[in-house]
Amino acid sequence: MENRVAAVSMQGISKSFGTIQANYNVDLNIYRGEILSLLGENGSGKTTLMNMLAGIYYPDEGQIFIDGKPAAIHSPKEAFSYGIGMIHQHFKLVDVFTAAENIVLGTIAKGKLDMAKATAKIRTICETYGFDVDPEQKIYNMSVSQKQTVEIVKVLYRGADILILDEPTAVLTPQETDKLFAVLRNMRNDGKAVVIITHKLHEVEAISDRVAILRKGQFIGELITKNTDAQEMTNMMVGHEVKLNIDRPEPVDPRPKIEVDGLTVRSSDGILKLDDVSFTANAGEILGIAGISGSGQKELLEAIAGLQGVESGTIRYVNDDGSREELVGKDPLEIAAMGVSLSFVPEDRLGMGLVGSMDLTDNMMLRSFRRGKSLFTDRKTPRELAEKVVDELEVSTPSVNTPVRRLSGGNVQKVLVGREIASAPTVLLSAYVVRGLDINSSYMIYDLINRQKKNGVAVIYVGEDLDVLLELCDRILVLCGGKVSGVLDGKTAEKRQVGLLMTQLGGGEPVEQ
């Protein structure tokens with residue numbers, strides 16, 4: 001690689017935001033015809049570094065070279081002029097427009113825009129790289145993976161041959177991830193430079209040619225993917241050896257805590273989301289929920305938490321004395337008033353879990369302000385909790401007075417998990433609790449969840465990583481199309497077995513209740 005000119009060479013790049021040093025003196029080369037994985041813990045500066053290449057930020061120090069020539073990139077438009085396009089975690093699409101209309105939006109055409117010609121060009125791009133997208137389809141009718149495809153085609157349409165993808169598989173199913181990787185390999189083979197920001201090491205091993213690692217804003221080193229492994233990459237990211245084994249202690253005095261029977265849920269527009277779902281979640285164990293995205297996981301947790309209307313069926317909370325109380329028909333405040341201590345880590349962190357404009361202390365207070373007996377709100381206890389969460393979960397933040405929206409996605413997640421666990425629940429509901437977290441932070445969360453299990457908490461864990469589900473959970477309930485297709489023993493279940501149940505009702509496998 002030293003003998004060819006880099007498509008991008010970033011030399012001595014530094015960037016600060018106030019007192020926060022996001023990147024310091026980073027050197028990084030990106031080559032055409034390869035897929036580069038950019039690794040680092042949450043807050044290590046990966047996205048900031050790529051945002052400077054994409055024209056969203058401008059470096060305080062250093063120089064960017066494109067094909068060996070100095071480049072000053074002050075805006076995304078200038079980035080496109082150098083052939084650089086970035087696909088962000090949060091899509092920037094107009095829902096009521098078609099794919100083609102979104103793709104051409106903002107482009108400059110001589111004279112009147114010829115949509116037929118533009119659509120033909122879009123179809124050619126899709127055929128060249130293997131994209132599965134209909135240019136005439138409306139965005140609001142698309143799946144998450146289709147929307148991501150539109151974003152990728154959009155930058156290719158504008159002539160990008162250096163592509164940056166930020167957490168591209170965060171919300172994709174394994175099947176959708178495989179499709180994306182096939183497309184990325186086609187793009188690499190066509191001579192394009194592809195950079196992926198990710199935390200998923202098994203995906204790094206599967207897709208990338210080279211790995212560059214950042215730690216606390218600095219470039220640590222690079223590795224040829226085929227010559228390394230997950231352990232070496234993790235150790236470089238964190239700066240010390242990290243144990244990559246998830247403990248699974250024996251269930252602690254398992255006894256029924258949540259009993260769900262015949263649960264049927266429809267969305268507001270009448271679509272059946274859960275169909276006659278029945279299971280028991282025991283205290284002192286972790287019940288994993290597996291399923292392709294959209295199989296009813298979200299609705300299941302929200303129904304238990306009192307956030308989702310129920311068409312039929314029962315959800316009963318079992319008290320320590322064996323008496324049962326019905327949760328269906330009660331909202332979260334009414335459930336809490338019954339003495340049911342239930343914590344919920346939702347999929348939508350800033351929409352349902354935290355308030356982005358509020359600081360860490362105030363977000364902790366959202367959990368406790370109703371307990372106060374005084375006219376004035378107690379801020380001391382929430383502040384102490386915020387400081388404890390920052391310390392124990394290694395949240396990267398200037399202070400507990402920082403608005404949550406200024407934190408990286410992984411640090412937002414740590415704040416939410418820390419707050420919910422600190423409320424001493426008897427039932428912990430968690431949806432994709434490590435999505436977007438780096439490997440070290442993920443293992444911290446697994447340890448926290450296991451501690452809850454040891455304390456006798458009934459943990460219901462919705463996850464997308466089957467390897468983690470098989471290592472962490474005592475039992476795994478598999479949903480397919482809103483139905484329960486199996487409940488398996490976590491110790492003996494195999495990944496292939498779970499995968500079959502996720503995609504094929506029954507899957508020919510026995511159901512263990």
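Values in this text are rule-based calculations from the coordinates and carry no lab data. Predicted model only: the values in this text are computed from it and were never measured. For neighbour counting, all protein chains shown are included, and Cβ atoms are generated from backbone atoms with ideal geometry for every residue, glycine included.
General observations
- Mean-position separation - Cα centroids, segment 98-139 and segment 437-474, in angstrom: 43 Å
- Cβ crowding within 10 Å averaged over residues, with 132-138, 295-301 ranked highest first: 295-301, 132-138
- Extents of the chain, taken as max minus min of Cα coordinates on every principal axis and listed largest first, are 74, 49, 48 Å.
- Helical segments meeting 15 Å axial Cα length and Kyte-Doolittle -0.5 threshold in the chain (DSSP H): 115-129, 144-157, 409-422
- Virtual spin-label span in nm between Leu105 and Thr264, 7 Å along Cα→Cβ: 3.9 nm
- The Rg/Rh ratio of segment 115-232, with Rg taken over Cα atoms and Rh as the Kirkwood radius over Cα pairs, comes to 1.01.
- Volume of the convex hull of segment 165-268 (Cα atoms only), normalised per residue: 219 Å³.
- Ordering 84-96, 479-491 by mean Cβ neighbour count within 10 Å, with the highest value first, yields 479-491, 84-96.
- Sequence ranges 305-315, 278-288, ranked by mean other-Cβ count within 10 angstrom, highest first: 278-288, 305-315
- Backbone N under 16 Å from the Ser312 label point (7 Å along Cα→Cβ), restricted to segment 246-269: 261-267
- Footprinting exposure proxy for Leu172, Leu244 (fewest neighbouring C-beta atoms within 10 Å first): Leu244, Leu172
- Relative contact order computed over segment 173-243 (Cα-Cα under 8 Å; 6+ residues apart), in percent: 20 percent
- Distances between placed amide hydrogens fall under 5 Å for Ile164 paired with Gly85, Met86, Ile87, Val195, all partners being 5 or more residues away or on another chain.
- Using distinct alpha-carbon pairs, which all enter the 1/r mean, Kirkwood radius of segment 90-131 in Å: 11.4 Å
- Only helical runs count toward this figure. For the chain, summing -39,500 (n - 2.57) over DSSP H runs of n ≥ 4 and dividing by all residues gives -9000 deg cm²/dmol at 222 nm.
- The modelled label-to-label distance for the pair Lys226/Lys491, using points 7 Å beyond Cα in the direction of Cβ, is 4.1 nm.
- log10 of Debye I(q)/I(0), alpha-carbon scatterers only, for segment 8-238 at 0.07 Å⁻¹: -0.22
- Relative intensity, log₁₀ I(q)/I(0), of segment 271-368 from a Debye sum that treats every alpha carbon as a point, q = 0.24 Å⁻¹: -1.46
- Contact order normalised by residue count of the chain, Cα under 8 Å, 6+ apart, percent: 15 percent
- Extending 7 Å from Cα along the Cβ direction at Glu334 and again at Ala72 yields two label points whose distance is 6.4 nm.
- Gain on full stretching of the segment that runs from Asn235 to Glu127 - 0.36 nm per residue minus C-alpha separation: 34.8 nm
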